[in-house]
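Every number in this text was worked out from the coordinates using simple rules, so none of it is lab data. Just so you know, these numbers come straight off a predicted model, no measurement behind them. Reconstructed Cβ throughout: ideal geometry from the backbone, glycine too, with neighbour counts over all protein chains shown.
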Amino acid sequence: MSGRLEVADLGDGDLSHDVVEAAQQLLGWRLSTTFNGVPTEVVIVETEAYRGEDDPASHAYRGRTERNAAMYDGPGTLYVYRSYGVHWCANVVTGPAGEASAVLLRGGVPLAGVERMQERRGRVDHLADGPGKLCAALGITGEHDGTSLRHGPVRLLPRRTAEPIELEATTRIGITRAADRLWRFVARGIDGSSLAPT
DNA sequence: CACCTGATTGCCT
DNA sequence: GGCAATCAGGTGA
């Protein structure tokens, strides 16, 4: 479904508010890892909101399981799951605490450590333009599930610019239940060239 | 560029 | 046992 254009609130970095709002505000934020002394970083340009046990498309829809336990750990937790038995996908858990809501990080634009990402991906382009690719580029795996995005090995960093971000809201990708909600958000006009690498 | 398909494995019914 | 919050490579317009 085609979407509608909006402008994201800048937000305050507080992940405890509603997951749909958080999904929009996370656009322009950065995700970084440093393994073996080599930093890699992307700017987030595509997200999807999954609203806890109320959302038929959420992994938490049928309550807590071993896989989705990190979703119940509260805002700022990283939830990583395996998709289609092959890929890792990363989520930012949001509030309210215990609601088990999370924002799936569906795409990023490389900002730093591009050579390392190219090694991990085994190619030079399309490094992080998909949820599985984003994790592969940053070296995020299931061993990072449940870690803190503020203090852990995978860090969420505030956006650098105060410019409002223009975004498109569309239906979520690859799901069958609750497929009509416009809870996918794609940032427009971010290509990484205007943001200096760390 | 749009659409189609095989690969691959863990999770839940 | 069926399905899934995907990816990459192929085909054809």
Requested in this report: Compute the separation of the alpha-carbon centres of segment A:81-112 and segment A:19-69 and state it in Å as a whole number.
Outcome: 3
Report task. Count charges around A:THR94 for me, please; just the other residues with Cβ under 11 Å from its Cβ, Lys/Arg as +1, Asp/Glu as -1. Result -> -3
**Report entry** Sequence of A:ARG51, A:ARG67, A:ARG188 once ranked by neighbouring C-beta atoms within 10 Å, starting from the fewest
**Finding:** A:ARG188, A:ARG67, A:ARG51
Query raised in the report: Listing A:LEU157, A:LEU15 from the residue with the fewest other Cβ atoms within 10 Å to the one with the most, what is the order?
Result: A:LEU157, A:LEU15
Report task. Please work out the ratio of the alpha-carbon Rg of chain A to 2.2 N^0.38 Å and round it to two decimals. Result -> 0.94
Requested in this report: Would you mind ranking A:VAL38, A:VAL80 so that the residue whose beta carbon has the fewest other beta carbons within 10 Å leads the list?
Outcome: A:VAL38, A:VAL80
